[in-house]
Amino acid sequence: MTIKVGDTIPSATLATMTAEGPKPISTDDLFKGKKVVMFAVPGAFTPTCSAKHLPGFVENADKIKAKGVSTIACVAVNDPFVIGAWCKDQKVGDKVLMLADGSAKFADALGTVLDLSERGLGKRSRRYSMIVDNGVVKSLNIEEGGAFEVSGADTILKQL
């Protein structure tokens, strides 16, 4: 079952890359008492994710945070080393918290797993964006297939 508006984000552990190495981050800590914009991409360094999805949130980070958002988080089914390298490559800085869901456990818990095994890519996450307030999903924009139409920063800005 896919997560929907009104649902609570499930407890899971993600990872971010720091100067000291990978650091675990619990979704409970990430969302508790905060307004968070989270978006997911099928994979770091992939064409649409690198050319459109992540850059839109980096470019609009100040506008999004000006609307009361404490954290903008990007999650992908990649390991934290790949996420860290992608963060540097995309010059994200501290505008977006880059999170690794290495084994797709969070995507599984959300019901957003995209199985691309037939194409040699394994389990990934569907592309989506959402606004989460104190752990509860307030807005959810899930893409169909390989589309990039409803999950971008421009949509989130309209919904805030």
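Which residue, of SER26, SER50, is out of contact with any Leu (no Cβ under 6 Å at 6 or more places or on another chain), exposed (fewer than 13 other Cβ atoms within 10 Å of the Cβ) and on the phi < 0 side of the Ramachandran plot? Explain how you work it out, then say what you get.
Numbers: SER50 fails: exposed (fewer than 13 other Cβ atoms within 10 Å of the Cβ).
On inspection, the qualifying residue turns out to be SER26.
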Would you be able to say whether some residue in the range 56-64 is in contact with a Pro (Cβ under 9 Å, 6 or more places away or on another chain) and buried (at least 20 other Cβ atoms within 10 Å of the Cβ)? no
Kindly provide the set of residues from the range 75-111 that are in contact with a strand residue (DSSP E or B) (Cβ under 9 Å, 6 or more places away or on another chain), closer than 17 Å to ILE3 by Cβ and not aliphatic (A, V, I, L, M), ordered by number. ASP101, LYS105, PHE106, ASP108
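Given VAL92, VAL96, which one is closer than 18 Å to GLY43 by Cβ, at pLDDT 95 or above and under 11 Å from the mean Cα position of the chain (by Cα)?
VAL96
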List every residue pair whose Cβ atoms sit under 9 Å apart, with the two residues 6 or more apart in sequence or on different chains, where the first one lies in the range 22-41 and is over 15 Å from SER151 (Cα atoms) and the second, anywhere, is of a type in the set (Phe, Trp, Tyr) and at pLDDT 95 or above. PRO22/PHE81; THR27/PHE106
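LYS123: under 17 Å from PRO10 (Cβ atoms), surrounded by 15 or more Cβ atoms within 10 Å (Cβ to Cβ) and touching a strand residue (DSSP E or B) at 6+ places or on another chain (Cβ under 8 Å), yes or no? Talk me through it step by step, then tell me what you get.
Numbers: under 17 Å from PRO10 (Cβ atoms): yes; surrounded by 15 or more Cβ atoms within 10 Å (Cβ to Cβ): yes; touching a strand residue (DSSP E or B) at 6+ places or on another chain (Cβ under 8 Å): yes.
When the stated conditions are applied, LYS123 passes them.
Hey, could you check the range 1-16 for residues that are among the aliphatic types (A, V, I, L, M) and assigned to a strand (DSSP E or B) and say which is surrounded by the most Cβ atoms within 10 Å (Cβ to Cβ)? Quick ask: steps written out before the conclusion?
First, the residues of the range 1-16 that are among the aliphatic types (A, V, I, L, M): 1, 3, 5, 9, 12, 14-15.
If we keep only those that are assigned to a strand (DSSP E or B) as well, we get 14-15.
Values: LEU14: 23, ALA15: 20.
Ranking the candidates gives LEU14 first.
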If you check every pair at least six apart or on different chains, which have Cβ atoms under 7 Å apart with a residue in the range 66-91 that is more than 12 Å from ALA15 (Cβ to Cβ) and touching a residue at least 60 places away in the same chain (Cβ under 8 Å) first and a residue that is surrounded by 14 or more Cβ atoms within 10 Å (Cβ to Cβ) and not hydrophobic (A, V, I, L, M, F, W, C) second? GLY68/LYS35; VAL69/LYS35
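Step by step: first the residues of the range 87-123, then only those that are assigned to a loop (DSSP other than H, G, I, E, B) and acidic (Asp, Glu), then the one that is farthest from LEU140 (Cα to Cα). Which residue is that? Before you say what the answer is, go through the steps one by one.
Pass one, the range 87-123, residues assigned to a loop (DSSP other than H, G, I, E, B): 90-96, 101-104, 111-112, 116, 120-122.
Applying the additional criterion that residues be acidic (Asp, Glu) yields 94, 101.
Numbers: ASP94: 24, ASP101: 19 Å.
Ranking the qualifying residues of the range 87-123, first place goes to ASP94.
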ASP28 vs. criteria among the acidic types (Asp, Glu) and either closer than 23 Å to ASP7 by Cα or part of a loop (DSSP other than H, G, I, E, B) (or both): yes
Which pairs have Cβ atoms under 7 Å, sit 6 or more apart or on different chains, and link a residue in the range 135-158 that is touching a residue at least 40 places away in the same chain (Cβ under 8 Å) and assigned to a loop (DSSP other than H, G, I, E, B) to one that is surrounded by 15 or more Cβ atoms within 10 Å (Cβ to Cβ) and hydrophobic (A, V, I, L, M, F, W, C)? GLY135/ILE9; GLY135/PHE31; SER151/PHE39
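When the range 92-134 is examined, which residues are found to be of a type outside the set (D, E, K, R) and without any contact (Cβ under 8 Å) to a residue 60 or more places away in the chain? Break it down stepwise before answering.
From the range 92-134, those of a type outside the set (D, E, K, R) are 92-93, 96-100, 102-104, 106-107, 109-114, 116-117, 120-122, 125, 128-132, 134; that's our starting set.
Matches in the range 92-134: VAL92, GLY93, VAL96, SER103, ALA104, VAL113, SER117, GLY120, GLY122.
The values are calculated or read from the model by the stated rules, or taken from the named source; none is laboratory data. Being a predicted model, the structure only gives us computed values, none of them experimental. Glycine also receives a Cβ, built like all others from the backbone with ideal geometry; neighbour counts cover every protein chain displayed.
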